[in-house]
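Scroll down for the structure; my scribbles are underneath it.
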Amino acid sequence: MVHFVGAGPGDPDLITVKGRRLLEGAQTVIYAGSLVNPALLELCPEDCRIYDSARMTLEEVIQVMEERHEAGQDVVRLHTGDPSLYGAIREQMDRLDELSIPYEVCPGVSSFSGAAAALGLEYTLPGISQSVVITRMEGRTPVPEREKIQSFAAHQSTMVLFLSTGLLEQLSEALIEGGYPPDTPAAIVYKATWPDEKKILCQVSELAEAARREDIRKTALIIVGRVLSGEAYQRSCLYDPAFTTEFRKGKGRDEDGK
Ligand code: SAH
């Protein structure tokens, strides 16, 4: 069995209890060395075989999984954040299906959650934005035409951009062209939850300049939207004294909260 495990965004305490147990019992671990905190590997038993996938091709990763499976062993495939986002797990699962090797996924705390925590931010503020667009600039990996930054920007909802730190001039242009006013608040969160985490608040038009000033070139998320502005939002209905819910009877107004 292969266990795809989300390592969390950096802080080794942010792996799930299940992920930790899997590492503590692992005979073989293949970890994404470019982003997974190596401190997590200290949880593995002394005699655990450890491979850094940053130096491996998909074929080599699958070969290790296949060899270990034939030897009757489980493999932990440790991915950064949550494996479902930009994790390249589908291609591994498809090969494992072809080889009839079973697998399961143990989710992790994505860096977009780590970044919100670092900023003390709620992405979904009533009256401001109730949606989060998770996307990226096109790099070597193509992005479908219908998912261009400009088309998402038209909604002016909260946006979180992965894998885009090297393309901030173009990102700002696309965001503004698509509909965000140039002074829309933005944040750059570098290495969220790591000891050397950095967070910078700026405006959409200033992203490239702000990253240059702080010498940030990779391992960062860009967050855009008025939820960063500190402006007035609506308080939640759920915790409004006048609002009746399944668990609590409201006082003073009718059940619709009018
Ligand atoms: N599956 C991962 C994302 C992998 S793609 C997740 O759920 O977080 C790699 C990109 O994620 C990086 O280029 C960067 O944009 C972002 N990233 C990963 N870890 C990060 C962290 N600790 N802080 C900020 N951005 C991070």
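Rounded if a/c is under 1.5, else prolate if a/b is larger than b/c, else oblate: which is the stretch 129-183, with a ≥ b ≥ c the root eigenvalues of its Cα gyration tensor? The shape class here is prolate. Each residue of the stretch 77-94 is assigned a 3J(HN,Hα), and the resulting list reads 9, 9, 10, 6, x, 9, x, 6, 10, 6, x, 6, 8, 4, 5, 6, 5, 5 Hz, derived from the Karplus form 6.51 cos²θ - 1.76 cosθ + 1.60 (θ = phi - 60°), x at Gly and Pro.
Taking the Cα centre of the chain as origin and assigning +1 to Lys and Arg Cβ atoms and -1 to Asp and Glu Cβ atoms, the resulting dipole is close to 780 debye.
Taken over the stretch 112-228, lysine pairs spaced eight or more positions apart, or on distinct chains, with alpha carbons under 20 Å apart number 4.
For the stretch 198-206, the Karplus equation 6.51 cos²θ - 1.76 cosθ + 1.60, evaluated at θ = phi - 60°, returns couplings of 9, 10, 10, 9, 7, 10, 3, 6, 10 Hz by residue, with Gly and Pro reported as x.
For the stretch 112-228, the square roots of the Cα gyration tensor eigenvalues, ordered a ≥ b ≥ c, give a/c below 1.5, which places it in the rounded category. Per atom type, the chain shows carbon and sulfur on 49% of its accessible surface, probed at 1.4 Å.
Per residue, how large is the accessible surface of the stretch 2-109? Use a 1.4 angstrom probe and give square angstrom.
50
Taking 7 Å steps out from each Cα toward its Cβ at Thr245 and Glu122 produces label points 1.1 nm apart.
Express in whole angstrom the spacing between the alpha-carbon centres of the stretch 10-77 and the stretch 186-258. Result: 34 Å between the Cα centres. Computed with a 1.4 Å probe over protein heavy atoms only, the accessible surface of the stretch 156-258 comes to 58 Å² per residue. With K and R counted +1 and D and E -1, the other residues having a Cβ less than 15 Å from that of Ile176 yield a net charge of -4.
Order 106-117, 233-244, 190-201 from most to least packed using the mean count of other Cβ atoms within 10 Å. The partial results should precede the final answer.
Numbers: 106-117: 22.2, 233-244: 12.6, 190-201: 17.5.
Result, highest mean Cβ count within 10 Å first: 106-117, 190-201, 233-244.
Could you give the C-alpha radius of gyration of the chain expressed as a fraction of 2.2 N^0.38 Å, taking N as the number of residues it contains? All intermediate terms of the calculation are to be shown ahead of the outcome.
On the way: Rg = 21.4 Å, N = 258, 2.2 N^0.38 = 18.1 Å.
In units of the 2.2 N^0.38 Å rule of thumb, it is 1.18.
Evaluate the stretch 72-156: find the radius of gyration of its Cα atoms, find its Kirkwood radius, and give the ratio Rg to Rh. My calculation puts Rg/Rh at 1.06. Helical content of the chain, expressed as a calculated mean residue ellipticity at 222 nm, amounts to -6500 deg cm²/dmol (DSSP H runs of 4 or more residues, -39,500 (n - 2.57) each, divided by residue number, nearest 500). Taking Cβ atoms as reference points and 14 Å as the exclusive limit, the residues near Tyr103 contribute a net charge of -3, counting Lys and Arg as +1 and Asp and Glu as -1. Multiplying the residue separation of Arg217 and Glu60 by 0.36 nm and removing their Cα-Cα distance gives an extension gain of 53.6 nm.
Farthest towards the positive end of the charge dipole of the stretch 2-109, among the residues Ile50, Val36, Val76, is the Cα of Val36, using unit charges on the Cβ of Lys, Arg, Asp and Glu. Treating each Cα of the stretch 2-109 as an identical point scatterer and summing with the Debye formula, the log10 of I(q)/I(0) at q = 0.14 Å⁻¹ comes to -0.46.
The values are calculated or read from the model by the stated rules, or taken from the named source; none is laboratory data. Here the structure is a predicted model, which is why all the values come from computation and not from measurement. Using ideal geometry, Cβ is built from the backbone for each residue, glycine included, and neighbour counts are taken over all protein chains shown. Just the protein is used for accessible areas: all its heavy atoms, side chains included, with ligands, DNA and RNA removed. Shrake-Rupley method; radii C 1.70, N 1.55, O 1.52, S 1.80 Å.
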